[in-house]
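A.B. asks: Take a look at the following structure, please.
The values are calculated or read from the model by the stated rules, or taken from the named source; none is laboratory data. Treat the numbers as computed from the prediction; the structure is a model and nothing was measured. Please note: Cβ atoms are built from the backbone with ideal geometry, for glycine as well, and neighbour counts cover all protein chains shown. The protein model used for the area step is the full one, side chains on, heavy atoms only, and it has no ligands, DNA or RNA in it. Shrake-Rupley method; radii C 1.70, N 1.55, O 1.52, S 1.80 Å.
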Amino acid sequence: MQTQSSRWLGHGLYLVIMAVLISGVYFAGQKIDYSWHWERLWPYIINTESQDIVAITDGTAVVDAAGRLSIEPDFGDDPQIVNVYDTLVSRHGDLIFQGDTIARIDGWRFGPIAEGLWVTIKISFISLIFAVLLGVMFGLMRVAHGQVWRNLAVTYVEVIRGTPLLVQIFIVYFFIGTVFDLDRFTAGVAALSIFTGAYVAEIVRAGIQSVPVGQMEAARSLGMNYVEAMAYVIMPQAIKRTLPPLAGQFINLIKDSSLVSVISITDLTKAGREVVSGSFAPFEVWFTVAVLYLVVTGGLSLLIQRLEKRLSASD
Amino acid sequence: MTDSTTASATSMPLIQARNVNKVFPNGCHALKDVSLDVQRGEVVVIIGPSGSGKSTFLRTLNQLETITSGGIFVDQVDLTDKRTDINVVREEVGMVFQAFNLFPHKTALGNVMLAPMKVLKQSKAEAQKTAESLLERVGLADRMDNYPSRLSGGQQQRVAIARSLAMKPKVLLFDEPTSALDPEMVGEVLDVMKELAKEGMTMVVVTHEMGFAQEVADRVVFMEDGELALEETPERFFHSDHPRLQRFLGQVL
């Protein structure tokens, strides 16, 4: 057993080592010929600049008594009405040409990095759900009595685990995507869930097989059929045992989702690449992107840990 | 017996095993022409050295183990018939295991309630009422909300017995129910089994508890090398001069 004091000593030592490492990185950053501009990143995360509202046709500006701005077009179309704005740029009676700024609106919107983060979360979450569905299905097939099912499941797992995800993404997007006319987001979700599903299937199989045979026998001897025994006795126990490896697989899924940027999905990684070319701050961008990935994976880790704790009531 | 069938049906043995043979895929001939009848309300104890096929035979009676040839009838239902719904037969043939096999993710009460709710489609209230009275009957009224990991071996085995009883089986099979127990817990489980026997439950028991066999059994069966070597009433059985039985009893007593 650890004593209290040796534990505090360990924590202290850890802090010292981390401080040395971080300051090492910091001074290395200072030493190189690179000017750090963290502040340049903000507009790419949350953009607080006011937005221009532009005219869609040529016409004349009309500001009515209520302060509502509208553009009466020169040629018979419906007027462009602007109800919400903060600063008026055009005045009543101004001649307006298409593309002119007629008003500005304050407030903020998400920058490309935030939008990329959202795409990453969305694509990971949807893929995770399909991966679990595929994984449970093929995991059950893997332990089924019928040889056909087992062969099919083994083929799926081996083919998917034996080829690189990057290649799978290209095949799904360019071949399957062409056959079924999939958009890139669907193709990305499909590739990620098929890939992760194979690993989940193996985890589910291992989980089922780790439940003692006696559990199935007890369930069956009480008159439950195979499906009932699986659903009420085997799977609840298997799921509990598979949670730690599943957590690892889900974290992999989030990280693997960065590969979908190759089919032009603007996820966090691709947004990062685009922002680098716009902001000329590559180091800052990539550090930020890494931290954002860490936040997402860490959050998921925490969530699963809490789930594990709740399920361990019977231990 | 609460049987509504005809008199001739009730006088038929509840379990009939006819020339049962079992050959495992690895070539091991585990059961050789085993035939045994069990009457309603009868307690049959099977003893024998390990590897004699007694557990295998018991497990064929609810088809946890399939047989190679022969016939097994439970309440005149042919278990080897492909059209027989084995799940329906198993509702009526309860089994208690050496390793208890309680469901670790359910409380004692949950263990007893699960099958009546899912298989017999009883309401939760109904299943709970039955489960509570059964757990009370096996002396665990105060442990109903405990998970198996919080129960002693003897308590777990009593929950397992209550779980089997919840399906209102016609016969209970016991596969070495006390072999995995610490010595001081054997008594509590045997007491429950004696109680059941007294109430007229039909039981087939594989055990090494000779005292139980002597006291409770209507018939004792000795198995060796996959064969049913001897079948007698307890008095005659324990005074038999069957040489192999003598050797076995000499080893265990």
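A.B. asks: Among the numbered conditions (1) over 34 Å from the mean Cα position of the chain (by Cα); (2) surrounded by 22 or more Cβ atoms within 10 Å (Cβ to Cβ); (3) of a type in the set (A, V, I, L, M), tell me where A:VAL213 comes up short.
C.D. replies: Result: A:VAL213 passes all but (2).
A.B. asks: Take B:GLY200 and tell me if it is assigned to a helix (DSSP H, G or I) and either among the polar types (S, T, N, Q) or exposed (fewer than 14 other Cβ atoms within 10 Å of the Cβ) (or both). Outline the logic, then answer.
C.D. replies: On the way: assigned to a helix (DSSP H, G or I): no; either among the polar types (S, T, N, Q) or exposed (fewer than 14 other Cβ atoms within 10 Å of the Cβ) (or both): yes.
Considered against the rule, which asks whether it is assigned to a helix (DSSP H, G or I) and either among the polar types (S, T, N, Q) or exposed (fewer than 14 other Cβ atoms within 10 Å of the Cβ) (or both), B:GLY200 comes out as no.
A.B. asks: For the range B:74-96: of the residues being open to solvent by 10 Å² or more (accessible area, probe 1.4 Å) and in contact (Cβ under 8 Å) with a residue 60 or more places away in the chain, which is farthest from the other protein chains (Cβ to nearest Cβ)?
C.D. replies: Ranking the qualifying residues of the range B:74-96, first place goes to B:GLN76.
Residues are listed down the side, and each one gets a yes or a no for (1) within 14 Å of chain A (Cβ to nearest Cβ); (2) of a type outside the set (Ser, Thr, Tyr); (3) in contact with a helix residue (DSSP H, G or I) (Cβ under 6 Å, 6 or more places away or on another chain); (4) open to solvent by 40 Å² or more (accessible area, probe 1.4 Å):
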residue	(1), (2), (3), (4)
B:SER11	no, no, no, yes
B:LEU14	no, yes, no, no
B:ASN19	no, yes, no, yes
B:GLY27	no, yes, no, yes
B:LYS32	no, yes, no, yes
B:LEU36	no, yes, no, no
B:ILE46	no, yes, yes, no
B:LEU64	yes, yes, yes, no
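A.B. asks: Working carefully through the options B:ALA115, B:ALA131, find the one that is of a type in the set (Gly, Ala, Ser), under 21 Å from the mean Cα position of the chain (by Cα), farther than 25 Å from B:VAL44 by Cβ and open to solvent by less than 20 Å² (accessible area, probe 1.4 Å). Lay out the reasoning, then the answer.
C.D. replies: Numbers: B:ALA115 fails: farther than 25 Å from B:VAL44 by Cβ.
Within the list B:ALA115, B:ALA131, the selection yields B:ALA131.
A.B. asks: Can I ask one more? Output the residue which, of all residues in the range A:216-233 that are open to solvent by less than 10 Å² (accessible area, probe 1.4 Å) and part of a helix (DSSP H, G or I), is farthest from B:LYS106 (Cα to Cα).
C.D. replies: Among them, the one singled out is A:SER221.
A.B. asks: Restricting to the range A:277-301, name every residue that is open to solvent by 30 Å² or more (accessible area, probe 1.4 Å) and either of a type in the set (Asp, Glu) or more than 16 Å from the chain's Cα centre (by Cα) (or both).
C.D. replies: Within the range A:277-301, A:SER277, A:GLY278, A:PHE280, A:PRO282, A:PHE283, A:TRP286, A:PHE287 qualify.
A.B. asks: Continuing with the same structure: Do any strands (runs of 3 or more DSSP E) lying entirely in the range A:1-93 carry at least 2 residues that are touching a Leu at 6+ places or on another chain (Cβ under 9 Å), and which ones are they? Working first, answer last.
C.D. replies: Details: elements: A:51-54, A:59-63, A:69-73, A:80-82.
Qualifying strands (runs of 3 or more DSSP E): A:59-63, A:80-82.
A.B. asks: For the range A:124-142: of the residues being among the hydrophobic types (A, V, I, L, M, F, W, C) and touching a Leu at 6+ places or on another chain (Cβ under 7 Å), which is least open to solvent (accessible area, probe 1.4 Å)? Explain how you work it out, then say what you get.
C.D. replies: First, pick out the residues of the range A:124-142 that are among the hydrophobic types (A, V, I, L, M, F, W, C): A:125-126, A:128-134, A:136-138, A:140-141.
Still in the list and also touching a Leu at 6+ places or on another chain (Cβ under 7 Å): A:128, A:131, A:141.
Values: A:LEU128: 33, A:ALA131: 0, A:MET141: 28 Å².
This residue is A:ALA131.
A.B. asks: I need a count of the residues in the range B:78-104 that are outside any loop (DSSP other than H, G, I, E, B) and within 18 Å of the chain's Cα centre (by Cα). Can you show your working first?
C.D. replies: Narrowing the range B:78-104 to residues outside any loop (DSSP other than H, G, I, E, B): B:78, B:86-96.
Of the ones still in play, those that are also within 18 Å of the chain's Cα centre (by Cα) are B:86-96.
Final tally of qualifying residues: 11.
A.B. asks: Could you list all residues from the range B:118-128 that are part of a helix (DSSP H, G or I) and buried (at least 20 other Cβ atoms within 10 Å of the Cβ)? Please lay out each step first, then the result.
C.D. replies: We begin by selecting, within the range B:118-128, every residue part of a helix (DSSP H, G or I); these are B:118, B:124-128.
The answer is B:LYS118, B:ALA127.
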